[in-house]
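Derivation of every value follows stated rules applied to the coordinates shown; laboratory data play no part. Fair warning: this is a prediction, and the values are worked out from it, not measured in the lab. Counting neighbours? That spans all protein chains shown, and the Cβs are built from the backbone with ideal geometry, glycine included.
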Amino acid sequence: MKSVLITGANQGIGLATAKNLAHQGYYVYLACRNPDAGTLAVDILKAEGIKNASCVQLDVTDQASIDLAVKEVLKHSNSLDALINNAGILGNANPDGSVSIEEIKRVFETNVYGVIRVTRAFLPLLQESDAPRIVHISSGLGSLTNQSDPDWVFSHYKSEAYFPSKTALNAYCVALAAKLKSTRCKVNVVDPGFVKTAFNGFQGMHDPAEAAKFITYAATLPENGPTGCFLSESEGSSNGIMPW
Ligand code: NDP
């Protein structure tokens, strides 16, 4: 049975993606920072008849918890077929839109360094797979081609933290894809669009299940599948894929 680990899988886009991949026959590790929320998420899947899922405690900002999560996965298998770096935070801005340096650091700790930590920790297991796939959940806001409308970014997110963090994430993904180019590992970024989750007060345009389809596609790409940044239609950004 193929396996996938999804960070931030207790709710929203991560949980919807977990459901999809479990239905496709993957064993799904729901990596959640709060074990109670992880257990609840596994129960939600069980209620839908899904048995091929379990939760592992993992806080992307805490290297020790990541190392323990690797050990937990190794108890089941020495390989992992897909890693979905989904956990992310928006960060908080002051009422005037300003953001403290501490808050910017907190957002980067999760959205950038967290992804790098988790990817590095699970790469040896991924490299044991015949067809490893790494998918990073970014945002149109972070796309290097979508910076032309700073007013829109500011009015929607009032954050000097989130936008640059996702831009840095995209740049990291390009570097990782280049580094792994000669291996069997495919690296992709998905911009899920504006999705109805707790992340944006359930104000989005799309259901998490729609975003999950996109992400599932990237996580299960065939050998000759495309690689790059998959852009959603919903943010008015150019559709399709920006290849690496
Ligand atoms: P949610 O807020 O519903 O889910 C975010 C998940 O990330 C939660 O499970 C949360 O856990 C987890 N998380 C946050 N910090 C950490 C951490 N330190 N360690 C482990 N897990 C953590 O949001 P979405 O499902 O919408 O977001 C998923 C991804 O999609 C994010 O990366 C976001 O940036 C991206 N995205 C979302 C968009 C949208 O419109 N919704 C648009 C573009 C991108 P906990 O429950 O414990 O807080």
What ³J(HN,Hα) values, in whole Hz, does the Karplus curve 6.51 cos²θ - 1.76 cosθ + 1.60 give for region 111-116 when θ = phi - 60°, with x put for Gly and Pro?
-> 6, 10, 5, x, 5, 5
List the residues whose amide H sits under 5 Å from the amide H of Cys55, counting only those 5 or more places along or on another chain, with H placed 1.01 Å from N in the peptide plane.
-> Leu30
Summing -39500 (n - 2.57) over every DSSP H run of at least 4 in the chain, dividing by its residue total and rounding to the nearest 500, the 222 nm mean residue ellipticity is -12500 deg cm²/dmol
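Size of the dipole of region 3-243 about the Cα centre, Lys and Arg at +1 and Asp and Glu at -1 on the beta carbon, nothing else charged, in debye to 20?
Numbers: 19 positive and 23 negative charges, 129 e Å.
Once rounded to the nearest 20, the dipole reads 620 debye.
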Kindly express, to the nearest 10 degrees and within the range 0 to 90, the angle between helix 208-219's C-alpha long axis and the longest C-alpha principal axis of the chain.
-> 60
Which aspartates and glutamates have a Cα less than 15 Å from the Cα of Lys51, not counting those fewer than 8 places away in the same chain?
-> Asp43
What are the ³J(HN,Hα) values, in whole Hz, obtained from phi via the Karplus relation 6.51 cos²θ - 1.76 cosθ + 1.60 with θ = phi - 60°, for each residue of region 37-54 in sequence order, with x given for Gly and Pro?
-> 5, x, 4, 4, 5, 4, 5, 4, 5, 4, 4, 9, x, 8, 10, 8, 8, 8
Determine which lysines satisfy two conditions relative to Lys46: a Cα distance under 21 Å, and not lying fewer than 8 residues away in the same chain.
-> Lys2, Lys19, Lys213
Residue-ordered couplings for region 18-34, obtained by feeding phi - 60° into the Karplus form 6.51 cos²θ - 1.76 cosθ + 1.60 and rounding to whole Hz (Gly and Pro as x), are 4, 4, 4, 6, 5, 5, 7, x, 6, 7, 10, 9, 8, 8, 10, 6, 9
Looking at the square roots a ≥ b ≥ c of the eigenvalues of the Cα gyration tensor of region 1-144, which shape do they give, rounded for a/c under 1.5, prolate if a/b is larger than b/c, or oblate?
-> prolate
Amide H contacts of Ser3 (H built 1.01 Å from N, under 5 Å, at least 5 apart or other chain) = Tyr27, Asp81, Ala82
